[in-house]
1. Which shape class applies to region 187-227: rounded if a/c is under 1.5, otherwise prolate when a/b exceeds b/c and oblate if not, where a ≥ b ≥ c are the square roots of the Cα gyration tensor eigenvalues?
2. What distance in nm separates the simple spin-label points at residue 76 and residue 239, each placed 7 Å from Cα in the Cβ direction?
3. In nanometres, what is the gap between the two model label sites at residue 163 and residue 16, each 7 Å from Cα along Cα-to-Cβ?
4. Using DSSP, restrict attention to beta bridges with both residues in the chain and report what percent are antiparallel, rounded to the nearest 5.
5. Say R0 is 45 Å: what FRET efficiency, to the nearest 0.05, do residue 272 and residue 62 get from their beta-carbon distance?
6. How far, in degrees from 0 to 90, does helix 227-239 lean away from the longest principal axis of the Cα atoms of the chain, to the nearest 10?
7. Say the dipole of the chain comes from +1 at the beta carbon of Lys and Arg and -1 at that of Asp and Glu; which of 255, 93, 171 then lies farthest toward its positive end?
8. With the full set of protein chains in place, find how many percent of the accessible area of region 11-283 is carbon and sulfur; take the probe as 1.4 Å.
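The values are calculated or read from the model by the stated rules, or taken from the named source; none is laboratory data. Please read these numbers as outputs of a predicted model, since none were measured by experiment. With ideal geometry, Cβ positions are generated from the backbone for all residues, glycine too; neighbour counts draw on all protein chains shown. With ligands, DNA and RNA removed, areas are computed over all heavy atoms of the protein, side chains included. Shrake-Rupley method; radii C 1.70, N 1.55, O 1.52, S 1.80 Å.
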Amino acid sequence: MTHLEAAPISARSLQDVAELLACPWCAGPLALGADALTCRACARSFAVQDGIALLARAGTPEATAAQAPTLTSRAYQQQYQAVTDATRYNESYRKLFSKRRSTEREHAILNELLGSQGRAARLLDIPSGGGRLSPVFDAHTELLIEADIGLGQVVYGAMHTVLSKPAVRMTASAFHIPLKDGAVDGTVCCRLCHHLPTPAERERLLGELLRVSRRFVVMTFFDHDSLKNRLRQARAPFDKKPPKMTMTIAQVKTLARAHGAELVACPALFALFSGHRFALLVKRQA
Ligand SMILES: C[S@@+](CC[C@H](N)C(=O)[O-])C[C@H]1O[C@@H](n2cnc3c(N)ncnc32)[C@H](O)[C@@H]1O
Ligand SMILES: [Zn+2]
């Protein structure tokens, strides 16, 4: 009995998106075989394990490596490779009252933002974690792609997420999303940006999300001007806590413009008790 038997994923669903896949190393097209995907351009091979395509290219984008080689999110990428670590993360969101309340509010915000964009044929959730937000996406798309760099998270999601349709699951880095340009209608990226230590990584993230999305992106970031961050800054000389990895709304707007999109809504998760905001970026149509 394999660990995925509780919620088997249909191999057909990976086939459904085979045409949309692109090599995370060279962007070449991928051919789907019996238990692996092979790049037709560079011949790299990517295993498919229990229906999960292992397409994660770990590491930092080239710009970060050149500018700040020691300051990267590389270590964070390793945090949820094991299912036990992913389980601990996801159970805490199920058990703690404050986290359950946060999830409820996140669901409500996502419902509203996605509802404003009309139904999607294909939606990408990266990083999907253990599928905490997936039940919301189910109602807004015909096909959901759940991707995370942590294999443990993707496996946890496959075991626990109940959806009305099959999801496609893969490991992937948000810095090298293994999809062609405009492959999905929209992409959601929650709670990753504030783990990225450099402006180069944050810009790369935003650029990749917008590259693979034909219409829109919803992305969370930690607002530099939030009360939560201002208080943290004020306390820093005393409690020595490191600064949060933040962005201003203006920075998000400028980056979105540079990558062909407009910031059209930016609700706060909780105005007083959280610094997280949801940015809805809508692509300019040619
Ligand atoms: C805080 S969790 C959020 C997961 C989910 N979006 C949620 O809100 O529950 C952050 C996730 O980012 C993943 N991660 C870290 N670096 C990544 C990267 N470069 N690309 C894709 N996922 C990444 C981690 O494995 C982890 O599951
Ligand atoms: Zn390739």
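1. In terms of gyration-tensor shape, oblate.
2. According to this spin-label approximation, the distance is 1.9 nm.
3. About 0.7 nm, to one decimal.
4. 50 percent
5. Efficiency, rounded to the nearest 0.05: 0.70.
6. Approximately 70 degrees, to the nearest ten.
7. Selected residue: 255.
8. 56 percent
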